[in-house]
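One structure is given here, and the rest of the page talks about it.
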There are 4 protein chains.
Amino acid sequence: MSMNTFGRVFRFTTWGESHGPALGAVVDGCPPLLELNEAAIQPFLDARRPGTSRFTTQRQEPDQVKILSGVFEGKTTGTPISLMIENTDQRSKDYGEIAKAYRPGHADYAYDAKYGIRDYRGGGRSSARETAARVAAGAIARLVIPEVTITAYVSEIGGDAIDRDNLDYTFIDQNPFFCPDRLAAERWERLVDEARKNGSSLGAVVECVASGVPAGWGAPIYAKLDADLAAAMMGINATKAVEIGDGFAAARLTGEQNADEMRPGEPGPEGRGAPEFLANHAGGIVGGISTGQPVVCRVAFKPTSSILTPRKSINSDGEAVDVRTKGRHDPCVGIRGAPVVEAMMALVLADHKLLHRAQCG
Amino acid sequence: MSMNTFGRVFRFTTWGESHGPALGAVVDGCPPLLELNEAAIQPFLDARRPGTSRFTTQRQEPDQVKILSGVFEGKTTGTPISLMIENTDQRSKDYGEIAKAYRPGHADYAYDAKYGIRDYRGGGRSSARETAARVAAGAIARLVIPEVTITAYVSEIGGDAIDRDNLDYTFIDQNPFFCPDRLAAERWERLVDEARKNGSSLGAVVECVASGVPAGWGAPIYAKLDADLAAAMMGINATKAVEIGDGFAAARLTGEQNADEMRPGEPGPEGRGAPEFLANHAGGIVGGISTGQPVVCRVAFKPTSSILTPRKSINSDGEAVDVRTKGRHDPCVGIRGAPVVEAMMALVLADHKLLHRAQCG
Amino acid sequence: MSMNTFGRVFRFTTWGESHGPALGAVVDGCPPLLELNEAAIQPFLDARRPGTSRFTTQRQEPDQVKILSGVFEGKTTGTPISLMIENTDQRSKDYGEIAKAYRPGHADYAYDAKYGIRDYRGGGRSSARETAARVAAGAIARLVIPEVTITAYVSEIGGDAIDRDNLDYTFIDQNPFFCPDRLAAERWERLVDEARKNGSSLGAVVECVASGVPAGWGAPIYAKLDADLAAAMMGINATKAVEIGDGFAAARLTGEQNADEMRPGEPGPEGRGAPEFLANHAGGIVGGISTGQPVVCRVAFKPTSSILTPRKSINSDGEAVDVRTKGRHDPCVGIRGAPVVEAMMALVLADHKLLHRAQCG
Amino acid sequence: MSMNTFGRVFRFTTWGESHGPALGAVVDGCPPLLELNEAAIQPFLDARRPGTSRFTTQRQEPDQVKILSGVFEGKTTGTPISLMIENTDQRSKDYGEIAKAYRPGHADYAYDAKYGIRDYRGGGRSSARETAARVAAGAIARLVIPEVTITAYVSEIGGDAIDRDNLDYTFIDQNPFFCPDRLAAERWERLVDEARKNGSSLGAVVECVASGVPAGWGAPIYAKLDADLAAAMMGINATKAVEIGDGFAAARLTGEQNADEMRPGEPGPEGRGAPEFLANHAGGIVGGISTGQPVVCRVAFKPTSSILTPRKSINSDGEAVDVRTKGRHDPCVGIRGAPVVEAMMALVLADHKLLHRAQCG
């Protein structure tokens, strides 16, 4: 893995800045003969797209993807697939004020300290717009793992969590929060509205479940499935934590409670079946390898750093300034994190499916 | 990164099974002319070594490291450094019973599902003994980053957390729990003893702070410092969660609360100084790049899966069995996780120091 | 290195097919603050561009490069640089006949055997058009190594070699063959014309000299400078051999003849100077590391496989056919290989400069 | 690929110096369930072993390999296989004189220029002893590709080539030169004896043929099979050139001559057969992908740099000295290159078999 490339066998490289002409991804190692066209990618971009409700940034980006290579007569050819999304609604002048000031909580100061230069318009490379490229790449990854179903949803906003007894997957696409709990979605509407009006912002937790992953994907020791998922998720903008299965809660269980007991499963057509697990504290992964249970992870997003409320900071001349971030921002960046978490899950799983096939046939 | 290799420029590869003749690491990319001998590595291995108190496994392993290459006349030469630790206290016969039975919570079933074969003796490659090789490699990584001080400690066992008002770093090495809180250590003594006597086990949380990391290490987008730390920590045996800075708590803050405000710092000898941060919710990393603040992470360890209390499972013939893991095991594997977390922090930081130097000079 | 990515620290990924909408490269790991715009890249593309004389393919491609990311206010930012070149003169209908037939010497059969699908238009991904992306990336690599001067020239066409006594570097850009020998260029004019008229094609040898490379670049054992150069050159379309320094001729020397003797060099400003070498059989590299002498390599290009003379082959139905490749082709593809060899030399050297800096400071 | 690691999916990392306690390799990504023990590796090491005739160095090394991990009950487990070979016949005092002097043609000066330190004993890491680790790893690679037969032989020593009409593969193992031509072997005996007595040395060419490679291995653009072979071979000590198929001779053919014509092959059990090629100028690789024909490469070895005849040089103080290399050396290091070339061929092919399986199933 190099700096802007992710994956081992199924790999993708992303490029582009928030206010440059375009952004994109190059997907390498994709198996040949998969049916692919722009229409297979667009719905996933649409789910992540800004400006679709008052709970996300009002930047209007169609996020229309173009496939520039790697597909012939509607099928992947095994050569690199270049994806491009043009930026259309940049308002760089919004950013004049922060050309020199470092926004607290943002990557401004760190980029300057590292590179001695930064494209300050809309956060440049550190903008969450980069995740559009991942979502496009993730749509291709899904084609590689048709046996897997991936569902991500927001399970908590501003400390207000869903009630797991109300879990309704069909509701996720019917509300602007990717929320699987009708009552929570109602509460969040008020919560996020209030934050937006106050010039504040909120954090969120996104949960992701991948079912259909067979036992045996993942590779010890430094290519563990959970380690790769952790890197994938912690690399998404604004994330600060990753859990697999019970996560921190597992640290509070006893060994008896935490052990996922097994019983012989239903025999399949070719004889003995997979084991039936009596619990899934492990989140579908032990020893870095999938067990056949659903792979479960949870990702914490900090509140959007771009807020209207002024904060103390410094500028690139080292002077004290107060920063108030105008521009158009998500009051809760974690909401649009759900499609990105799904994409990263797909990208990690597709890579590990191929890696497993490489070594074990 | 391949499967048993970690890192980008400063890289290490580990090998070895719990009950094989030896285990080891090959460290590649180490700068030349660093002073290195076995004595510089051994103290870190001793800290992780089993059998030093009744709160860890009673397996007696001296974990004596040998340097087989890459050092000449007491200095690193820039060529690969091969480290070997011989296993001396294997009792493979303890494992006869589990040759066929899958221990719940263990990697047994997953390894068999993946490879169709597994070295069941002591967990084979999935044993936490592998972490000795990381600790040895980590000792070399520390030599690459003399400007950095790394401290890891156990902050919670079985749900019982330290009181941050009692934090005393000097106490960490004076108790068998790597605990920085004298009162918590007393409580844990009883807690762990009880778990051990009951044939049960406990989880733990390890916290790690690296101070002295300059601003600018880390590299967007897929080599973010926090993403690499997440992979590093989630790849340690028995870990289920990783937080950077406030982690999940950040998802419950507002944007104003979470923003780490800045003020001009004290001017240094060469003029303007680094900013003074008024908080460190970010844990020293924004946009994947270090800010100059302490890098903070937190790692959750599940309770040891090897317990004496019988659990329902199946064997490799698909039959229902009850499994009771004899052998010698840590009642709380997270305790010895502290030196491993420190090692992984050092390995990630050393790698990123060199990677930053490569790109930015 | 993944499949369509080259390099370790300074890396680039290319994408695109001969007759797709565009092709491009993503350059990752480039140091920040280098002055870069399209005009710095275009001259190198112009040198490689087809259709500039009757000795190259008549396909008219402006090969206009666009920078889509990684540059801000005229300077590199350290983030990935996306380069795109649109295809404008595809005549895909020329290729109808070979949609099913496998051209001997071409990658047609091999691609079909591997992927079960191929974009047959103009050779698809196996077309030498891909090298435009490398040349663009190479132009950026040159900015990373301003201390190095790279010159490639054609030293032999169809078995007719230059006379080294006539070597005139200033002539290289003044003839359509990148030939440094005025007399040879005259002979080649007749030679290549004749081949073209006969519907035949010719092979060539390209030689490349990089001067100014300091001692110490390259890294044993599997990142040797010469090994990376060999991979770089052998990966160019139509190449079949690579020599470093004396190459095969070295195998015919005695140890005394081959040893490049040394004498103390002129003292430099900071005291002792670099050694003065009395010969350069090694081509500037020993043990995989540069010595400070000019780095010299030689690359053999086979004759263009696309010829008008009919050849026996089979088609994708396994039937015997005779293939005659129409379309527009270089009568000697090695000629335009010279700028590509230069680019690959620059890319390898830039990567190794950064890699050396990473490890050795 | 990092510095001391080679390969993409089937990877190996080597370590060790000529006069250190041991050297070794860690093989990662090996498929599970292959039968493996030391006896499967030893014959290949014996073929490369020094001291077996008067035509190689008189250093006596049993080169006994030990497997330290990755094998359980006689079968590979899919986890890293650690191989170790202890050094037993170091005579480091032989090297006292060259502790400071740089041997012309050797890596001494380059290592010092790079690292500022070098283990001068026997060439340290730059010694050809490192190739023993590759040969051991190569023996495991062969198990991954049972369908392939690899044969390497010396085709030329000191400019005296074999007569291809005399090719007799069965003779290769019956003479100390890995020579397939009985008459050439007789001539070489005198040639090498003479060089040895004169304190001189000779170069050689090694040719390698791999038959049974199916069509479809190799992966454009930067993981081409021939590019990987070029890197693999150019990274062997003392090599200066690599040819695939006709190599430089292809640059002297016309397009008609060079095109490997095809005819429909014999139908196989499942219908249509592979094509029958009427020639193999390409050496079994086009577009970086195997065609099903034998893979052919040729590697040039320079004469051993360690010679008794004094040569002009400098020492690490920058003073002029004359260097005469005592110690025990191969009069023609290319001879023992044959088993190393075979090993590298196996390692590249095994890696590409798995990589192909990853992407194309």
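A few notes on this one:
- Qualifying strands (runs of 3 or more DSSP E) (wholly inside the range D:286-361; at least 3 residues being of a type outside the set (Val, Ile, Thr) and touching a helix residue (DSSP H, G or I) at 6+ places or on another chain (Cβ under 7 Å)): D:295-301
- Residues (under 14 Å from D:ALA133 (Cα atoms) and more than 13 Å from chain B (Cβ to nearest Cβ)) located in the range D:21-49: D:ILE41, D:GLN42, D:PRO43, D:PHE44, D:LEU45, D:ASP46, D:ALA47, D:ARG48, D:ARG49
- Looking only at the range C:158-174, residues that are acidic (Asp, Glu) and in a helix (DSSP H, G or I) come to 2 in all.
- For the range D:100-134, the set of residues classified as of a type in the set (Gly, Ala, Ser), at the interface with another protein chain (Cβ under 9 Å from one of its Cβ atoms) and either part of a loop (DSSP other than H, G, I, E, B) or farther than 22 Å from B:CYS30 by Cβ (or both) consists of D:GLY105, D:ALA107, D:GLY116, listed by residue number.
- Here D:LYS66 clears all of (1) part of a loop (DSSP other than H, G, I, E, B); (2) at the interface with chain B (Cβ under 9 Å from one of its Cβ atoms); (3) surrounded by fewer than 24 Cβ atoms within 10 Å (Cβ to Cβ) except the condition numbered (1).
- Within the range B:280-293, being touching a residue at least 60 places away in the same chain (Cβ under 8 Å), facing another protein chain (nearest Cβ under 7 Å) and of a type in the set (A, V, I, L, M) holds for one residue alone: B:ILE289.
- Residue match in the range B:295-309 (condition: more than 30 Å from B:GLY123 (Cα to Cα), in contact with a strand residue (DSSP E or B) (Cβ under 7 Å, 6 or more places away or on another chain) and not hydrophobic (A, V, I, L, M, F, W, C)): no
- Hey, A:ARG252 modelled with pLDDT under 95 and facing chain B (nearest Cβ under 7 Å) or not: no
- Counting the residues of the range A:20-35 that are in a loop (DSSP other than H, G, I, E, B) and within 17 Å of A:GLY74 (Cα to Cα) gives 5.
- Hits in the range C:172-189 (condition: under 20 Å from the mean Cα position of the chain (by Cα) and hydrophobic (A, V, I, L, M, F, W, C)): C:ILE172, C:PHE177, C:PHE178, C:CYS179
- Residue in the range A:78-99 that is assigned to a helix (DSSP H, G or I), buried (at least 24 other Cβ atoms within 10 Å of the Cβ) and either within 14 Å of chain B (Cβ to nearest Cβ) or touching a Leu at 6+ places or on another chain (Cβ under 9 Å) (or both) present: yes
- Residue within the range A:246-256 that is of a type in the set (S, T, N, Q), surrounded by fewer than 24 Cβ atoms within 10 Å (Cβ to Cβ) and either touching a helix residue (DSSP H, G or I) at 6+ places or on another chain (Cβ under 6 Å) or closer than 27 Å to A:ARG49 by Cα (or both) present: no
- Condition met for A:ALA161 (of a type in the set (A, V, I, L, M), at pLDDT 95 or above and under 19 Å from B:ALA241 (Cβ atoms)): yes
- Among the residues here, B:GLY268 does not qualify as more than 7 Å from chain A (Cβ to nearest Cβ), of a type outside the set (S, T, N, Q) and in contact (Cβ under 8 Å) with a residue 60 or more places away in the chain.
- Enumeration of residues in the range A:257-285 that are touching a helix residue (DSSP H, G or I) at 6+ places or on another chain (Cβ under 9 Å), outside any loop (DSSP other than H, G, I, E, B) and within 19 Å of A:SER211 (Cα to Cα): A:MET262, A:ILE285
- Residue in the range D:175-187 that is more than 10 Å from chain C (Cβ to nearest Cβ) and assigned to a strand (DSSP E or B) present: no
- So B:GLU243, is it acidic (Asp, Glu), within 27 Å of B:LEU143 (Cα to Cα) and modelled with pLDDT of 95 or more: yes
- All positions within the range D:198-243 that are of a type in the set (Val, Ile, Thr), facing chain C (nearest Cβ under 7 Å) and part of a strand (DSSP E or B): D:VAL205, D:VAL242
- Unique residue being closer than 30 Å to A:GLY218 by Cβ and either of a type in the set (Val, Ile, Thr) or in contact with a helix residue (DSSP H, G or I) (Cβ under 8 Å, 6 or more places away or on another chain) (or both) when the list is A:THR5, A:THR52: A:THR5
- Whether a residue is crowded, with 17+ Cβ neighbours inside 10 Å and either of a type in the set (A, V, I, L, M) or assigned to a helix (DSSP H, G or I) (or both) was assessed, and D:LEU191 passes this test.
- A search for C-beta distances below 9 Å between a residue of the range B:203-230 that is among the basic types (Lys, Arg) and any residue that is in a strand (DSSP E or B) and crowded, with 24+ Cβ neighbours inside 10 Å, counting only pairs 6+ apart in sequence or on different chains, returns B:LYS224/B:ILE285; B:LYS224/B:ILE289.
- If the condition is being assigned to a loop (DSSP other than H, G, I, E, B) and within 19 Å of D:GLY138 (Cα to Cα), then the range D:36-60 contributes D:LEU36, D:ASN37, D:ARG49, D:PRO50.
- Filtered residue count, the range B:294-320, keeping only those that are without any contact (Cβ under 8 Å) to a residue 60 or more places away in the chain and either more than 25 Å from A:ALA274 (Cα to Cα) or more than 7 Å from chain A (Cβ to nearest Cβ) (or both): 1
- Sole residue being among the small types (Gly, Ala, Ser) and touching an Asp or Glu at 6+ places or on another chain (Cβ under 6 Å), chosen from C:GLY212, C:GLY199: C:GLY212
- Selected residue (criterion: farthest from the chain's Cα centre (by Cα)) from residues of the range B:6-47 that are without any contact (Cβ under 8 Å) to a residue 60 or more places away in the chain and buried (at least 24 other Cβ atoms within 10 Å of the Cβ): B:ASP28
- Output for the range D:258-316, where each listed residue is of a type in the set (Gly, Ala, Ser) and more than 30 Å from C:GLY203 (Cβ to Cβ): D:GLY268, D:GLY271, D:GLY273, D:SER305, D:SER306, D:SER313, D:SER316
- Of the residues examined, B:PHE72 is not one that is of a type in the set (Phe, Trp, Tyr) and under 27 Å from B:ASP228 (Cβ atoms).
- B:VAL192 meets the stated requirement of being more than 7 Å from chain A (Cβ to nearest Cβ), more than 20 Å from the chain's Cα centre (by Cα) and among the β-branched types (Val, Ile, Thr).
- The listed residue being at pLDDT 95 or above and over 30 Å from C:LEU354 (Cα atoms), out of C:GLY123, C:GLY116: C:GLY116
The values are calculated or read from the model by the stated rules, or taken from the named source; none is laboratory data. Everything numeric in this text was worked out from a predicted model, so none of it was measured. Because the Cβ atoms are built from the backbone with ideal geometry, glycine has one as well, and the counts that use them run over all protein chains shown.
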